[in-house]
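Enquirer: Pasting a structure below so you can have a look.
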Amino acid sequence: MKDHAGTICEPDEQIERDKFVGDRADSPTAGSSIDAFGRTVDYLRVSVTDRCNERCLYCMPEGYKGWAQRDDHLSADEIVRSVEAATVLGFRKFRVTGGEPLIRRDILEILERIWALPGTQTLGLSTNGTRVAALAESLKRAGVRSLNVSLDALEPATYRAITGGDVVQVLAGIDAAAAEGFEIIKLNCVLLRGLNETEFEPLIAYAGERNLPLRFIELMPLTQGNVLSDPRFLPVHELLGRLSRRGRLEALRDYRPGNGPARYYEFNAAWLSHPATLGFIGALTTEHFCATCNKLRLTADGKLRPCLGRHGEIDLRSILRGGGDIAGAFQEAVANKPESHEFLSTYNPGRPMIAIGG
Ligand code: SAM
Ligand code: SF4
C-alpha cells in the first residue's frame, strides 16, 4: 500500500470487524463539512460517465436517449480539481462510479490522480465487473482499495435478462480481483421479485465461499416513480424474514466496510459450506435510513447532487469552466443536504440512475 511519502508498505490483508476498513490511516486532518442536521459529510461519489456496456432494467429506462453530450462530460482535469477542492473541505472518501466507469478510456489516470491527492483516505470503485478481469492489477496499482461489483444473479440467463450482459465475464472479474487482494470486495444484488428471487441463496453460498460481503439493495425509483406498487419491489425485511427461517442471522452492529449505508448480518445455515456476511440496503423501508448519510454525488456532466432522492443540483461544471468558486459550490451542496430523500413522496425520476451515478 502507498503511504503519503510514496513508500511501499505491507498490505493489510485482514478485514477487521468493528471498525471501518479500506481507509488510509495517515491522511492529514483538514476542515470538516457538517450539514444542517449534524451529519459529517465527507464522502463523494464521482460518476465519470453516463454510458454503460450493460442495460440493467432498473437503472436505464428502455429507449433512454438523455445522454449528456461528450463536451458536457467533465474531463479528467475537471474531475480531479473538483475532488481536490472537496478534500480541502474535509472530504476523505471517494468512490468512482457511473454508468460503467471502466468503459472510460482515461479511467486509470483519473483514479491515480484522485489517489495521489494528499487528502484522499479511501478510494473505491463501483463496477458491473465485466471489465475487471483485464484491469484488476492496474486498478490496484492506481490506488483502488475497495471494489463494489454488481451481481444480480449467477444463472447466466437470469443475469442476462436483468442486465443484458454476460455473467461469465463478471465472475472472471471477481476471481481476478480476489487474486489481486483488494482490501474490500463487496457484491451488490438488487432485489427483484419474480426475477432473481431464486438466485438469492446461490449468491449467498457464492459470497460465503469467497468471504466477500454481499449486499441486497431494495429497488429505488430511479427509472420510474411509485416503486412500492411495482410488482418487482421486494423489501429487505421480507428477505430477512425468509432467511431467518432458512438459517441463523446475527446482527453485526458496528461492521461498516467502505462506509456505506448497509446494515450487516452474519448468516449461517446447514446448507452453506461457509457463513456469509450479508448487508441490507433498504432505502425505502428502513426507518431513519438517511440519518447517517455522509455523501454528495458528482454526476458525469458536472452537477453536484446533495441527495440521490431529491431533485436539487448545483451546476459545478459552469463553475469549473467559468473560473468560479469550486469549494463554495461544495459548501452550498453540504448546506443544501436535505434531512431525507423524497422517494416515498414527491420524487419523480428525471435523471435515471445511470445518469446520476450509484
Ligand atoms: N455500473 C456500475 C455497477 O453496475 O455497479 C456502477 C454504477 S451502478 C448505477 C451502481 C449501483 O447502483 C449498482 O449496484 C446498481 O445495482 C445500483 N442501482 C442502479 N439502479 C438502481 C435502482 N433503481 N435501485 C437500486 N439500486 C440501483
Ligand atoms: Fe450499467 Fe451499472 Fe446501470 Fe447496470 S447498474 S446499467 S451496469 S450503470
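Enquirer: What residue, among those in the stretch 45-81 that are among the basic types (Lys, Arg) and near ligand 2 (Cβ under 9 Å from one of its atoms), is surrounded by the fewest Cβ atoms within 10 Å (Cβ to Cβ)?
Expert: 55
Enquirer: Right, something else. Which of the following residues is surrounded by 14 or more Cβ atoms within 10 Å (Cβ to Cβ) and away from ligand 2 (no atom under 16 Å from the Cβ): 215, 246?
Expert: Just one listed residue meets the conditions, 246.
Enquirer: Is at least one residue of the stretch 335-344 more than 16 Å from ligand 1 (Cβ to nearest atom), open to solvent by 20 Å² or more (accessible area, probe 1.4 Å) and touching a residue at least 60 places away in the same chain (Cβ under 8 Å)?
Expert: Yes, the conditions are met somewhere in the stretch 335-344.
Enquirer: Select from the stretch 178-203 the residues that are of a type outside the set (A, V, I, L, M) and under 21 Å from the mean Cα position of the chain (by Cα) and list them in ascending order.
Expert: 180, 181, 182, 183, 186, 188, 189, 196, 200
Enquirer: Applying the selection to the stretch 166-176, what residues are crowded, with 21+ Cβ neighbours inside 10 Å and within 14 Å of ligand 2 (Cβ to nearest atom)?
Expert: Answer for the stretch 166-176, where residues must be crowded, with 21+ Cβ neighbours inside 10 Å and within 14 Å of ligand 2 (Cβ to nearest atom): 167, 170, 173.
Enquirer: Let me ask another. Could you list, in sequence order, all residues of the stretch 140-152 that are more than 16 Å from the chain's Cα centre (by Cα), crowded, with 18+ Cβ neighbours inside 10 Å and at negative phi?
Expert: Within the stretch 140-152, 140, 142 qualify.
Enquirer: Being surrounded by fewer than 22 Cβ atoms within 10 Å (Cβ to Cβ) and touching an Asp or Glu at 6+ places or on another chain (Cβ under 8 Å) is the filter here; which residues of the stretch 177-187 pass it?
Expert: Scanning the stretch 177-187 gives 180, 181.
Enquirer: Might you check whether a residue that is in contact with a Ser or Thr (Cβ under 7 Å, 6 or more places away or on another chain), farther than 30 Å from residue 111 by Cα, away from ligand 1 (no atom under 15 Å from the Cβ) and not hydrophobic (A, V, I, L, M, F, W, C) occurs anywhere in the stretch 220-239?
Expert: Checked the stretch 220-239: at least one residue is in contact with a Ser or Thr (Cβ under 7 Å, 6 or more places away or on another chain), farther than 30 Å from residue 111 by Cα, away from ligand 1 (no atom under 15 Å from the Cβ) and not hydrophobic (A, V, I, L, M, F, W, C).
Enquirer: Would you pick out the residues in the stretch 339-358 that are within 16 Å of ligand 2 (Cβ to nearest atom), more than 17 Å from residue 295 (Cβ to Cβ) and in a loop (DSSP other than H, G, I, E, B)?
Expert: Within the stretch 339-358, 349, 352 meet the criteria.
Enquirer: Identify, by number, the condition in (1) touching a Lys or Arg at 6+ places or on another chain (Cβ under 8 Å); (2) more than 12 Å from ligand 1 (Cβ to nearest atom) that residue 102 doesn't meet.
Expert: Failed condition: (2).
Enquirer: Follow-up. Residue 163 - would you say it is open to solvent by less than 50 Å² (accessible area, probe 1.4 Å) and out of contact with any Cys (no Cβ under 7 Å at 6 or more places or on another chain)?
Expert: The answer is no for residue 163.
Enquirer: Just need a number here: residues in the stretch 126-139 that are more than 16 Å from ligand 2 (Cβ to nearest atom) and either open to solvent by 50 Å² or more (accessible area, probe 1.4 Å) or more than 19 Å from residue 183 (Cβ to Cβ) (or both).
Expert: 2
Enquirer: Still on this structure, I have one more. Right, residue 42: open to solvent by 20 Å² or more (accessible area, probe 1.4 Å) and without any contact (Cβ under 8 Å) to a residue 12 or more places away in the chain or not?
Expert: Spelling it out, it is not the case that residue 42 is open to solvent by 20 Å² or more (accessible area, probe 1.4 Å) and without any contact (Cβ under 8 Å) to a residue 12 or more places away in the chain.
The values are calculated or read from the model by the stated rules, or taken from the named source; none is laboratory data. Because the structure is a prediction, the values reported are computed rather than measured. FYI the Cβ positions are ideal-geometry reconstructions off the backbone, even for glycines, and counts take in every protein chain you see. Ligands, DNA and RNA are stripped out before the accessible areas are found, and what is left, the full protein with its side chains, is counted by its heavy atoms. Shrake-Rupley method; radii C 1.70, N 1.55, O 1.52, S 1.80 Å.
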